[in-house]
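To start, the structure itself, in structure tokens.
Please treat every number below as a calculation from the coordinates, not as lab data. Keep in mind that this is a model prediction, so the values were computed, not measured. All Cβ positions, even for glycine, are placed from backbone atoms using ideal geometry, and neighbour counts span all protein chains on display.
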Ligand SMILES: [Fe+2]
Ligand SMILES: [Fe+2]
């Protein structure tokens, strides 16, 4: 008998909680996971909302740690359902929260999709949550979306790396230090979700120079280790 894993929440770094919503193999072949990251601080932030249809599941996990109404920032990497499908629902549940996204995402999509004015982040701009200082990293088209970007938390050296290092499976393990590149690259070859931008090497190097020690992946386990080395290995693999 297969046991379907349940939604879960786990602290992967000081104040940073990985919320994982697994999808069983009966729904997506091989199983899959959608992760959101809750940063608990004076100004709490959620990175990725999850799809709209998972809103209730994500909210339930957040409520284990803090009332959802305390959220002040709803941030995401790029405009897709799993990144920001629940944005309007979260803004309704957290009336003092603002969307946080790249300048391009704000200009092209978010000012139209929701009624709350987004905070449009420029490359290198810092969002101060209290303990955690999040620095925006613009990465157009890496892996996809003109508006794509990430946050780097300089406090815990965590890179919220969105769809980079996407792993198949239901992601039961919240934080691993074993290799995630091989399975992620095998998945990329199946699904071809990278944009093939010629700027990938420079963007990967920009992220590597942050020297992250944790990668907060959107799909699969979060990862701990020498993030610069792993990013450069990804860069080499993309160049093949
Ligand atoms: Fe994506
Ligand atoms: Fe995604």
TODO: Kindly put 8, 20 in sequence by how many other C-beta atoms sit within 10 Å of each C-beta, fewest to most.
DONE: 8, 20
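What number, rounded to the nearest 500 deg cm²/dmol, is the helix-based mean residue ellipticity at 222 nm of the chain, given -39500 (n - 2.57) per DSSP H run of at least four residues and division by all its residues? Can you show the working numbers first?
Values: 6 runs with 52 residues, N = 240.
That calculation yields -6000 deg cm²/dmol at 222 nm.
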Task: At q = 0.14, 0.19, 0.20 Å⁻¹, base-10 log of I(q)/I(0) for the range 55-106 (Debye sum, equal scatterers on each alpha carbon) - done: -0.34, -0.62, -0.68
Open item on the list: At a 10 angstrom cut-off on C-beta neighbours, averaged per residue, how do the peptides 105-117, 149-161, 217-229 rank from highest to lowest?
Closed with: 149-161, 217-229, 105-117
Task: Principal axis dimensions, largest first and in whole angstrom, of the range 8-239 by Cα - done: 44, 39, 32
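Within the P(r) computed for the range 137-199, what percentage of the Cα pairs occupies the region above 16 Å?
Tail of the P(r) past 16 Å holds 54 percent of the pairs.
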